[in-house]
1. Can you pull out the residues in region 141-171 that are over 26 Å from Lys131 (Cα atoms) and either basic (Lys, Arg) or open to solvent by less than 50 Å² (accessible area, probe 1.4 Å) (or both)?
2. Let me confirm something: among Ile80, Ile65, Ile6, which residue is in contact with a Pro (Cβ under 9 Å, 6 or more places away or on another chain), surrounded by 13 or more Cβ atoms within 10 Å (Cβ to Cβ) and at pLDDT 95 or above?
3. Go through Gly132, Gly102, Gly128, Gly116 for me and flag whichever is crowded, with 19+ Cβ neighbours inside 10 Å and small (Gly, Ala, Ser).
4. Count, please, the residues in region 31-46 that happen to be in contact (Cβ under 8 Å) with a residue 24 or more places away in the chain and either in contact with an Asp or Glu (Cβ under 8 Å, 6 or more places away or on another chain) or loosely packed, with under 12 Cβ neighbours inside 10 Å (or both).
5. Which of the following residues is closer than 20 Å to Ile95 by Cβ and either surrounded by 13 or more Cβ atoms within 10 Å (Cβ to Cβ) or not hydroxyl-bearing (Ser, Thr, Tyr) (or both): Gly28, Gly50?
6. Kindly provide the set of residues from region 83-99 that are surrounded by 20 or more Cβ atoms within 10 Å (Cβ to Cβ) and polar (S, T, N, Q), ordered by number.
Amino acid sequence: GVDWGIDEAMSEGVAKGDLRQAIVVAIGNTQDRMSEYTPFPDPKHKGGDGENYAKFLVEELKPLIDKKFRTRPGQVDTFIGGSSLGGLISLYIGISRRDIFGGIIAMSPSIWWANGRIIDWLLQNQVGEFKGKIWVDMGTREGEEAIANTKRLAATMAGQVPEFKGFVYKEFVGGTHSEGAWRKRMPLILRHFIGNR
């Protein structure tokens, strides 16, 4: 019963002059989300059909949005984001389609999926050469495994690709794995990507 409040955050931010105008496209999910939002299979949970979801976004949805709306279709003005498994698949799609996306938002991402394979995959796919920004965050009440894996990603980025200055990792004290927690972070995230100041 709680949404992310992006529409309210956008309206308020634009009205105050804190944010540039933007089009936000929210994509519904189905009971197949565990498969669609995962780039590799997990030994316990299976999944791993994320490449098909990536193709849908890039080959079907984005061209439709660019055709129907007054967009700035270039990479520098196009971002992808999500939470939990949505954050995981956003990291994968943003890096694998870096010619399309110039920003990645991964709130409370499921880095633990497939034993943290996304971390090695990011390094193998030259994440340090990404020309945009990557936002990763985690609440301190999201569980030890989730926090440990996300900290491992942040430490790997700092240690293995220190030349990449576009990576931001933030922890939110008391933050839970919930829409209510992500809603509180949205204004800060939006300012990071489309802020006027």
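The values are calculated or read from the model by the stated rules, or taken from the named source; none is laboratory data. Please read all numbers here as calculations on a predicted model, not as lab measurements. Note that we place each Cβ from the backbone using ideal geometry, even for glycine, and neighbour counts take in every protein chain shown. Calculation scope for accessible area: heavy atoms of the full protein, side chains included, ligands and nucleic acids excluded. Shrake-Rupley method; radii C 1.70, N 1.55, O 1.52, S 1.80 Å.
1. Hits for region 141-171 are Arg141, Glu142, Gly143, Ala146, Ile147.
2. Ile65
3. Of Gly132, Gly102, Gly128, Gly116, the one residue that is crowded, with 19+ Cβ neighbours inside 10 Å and small (Gly, Ala, Ser) is Gly102.
4. 4
5. Gly50
6. Across region 83-99, the qualifying residues are Ser83, Ser84, Ser90.
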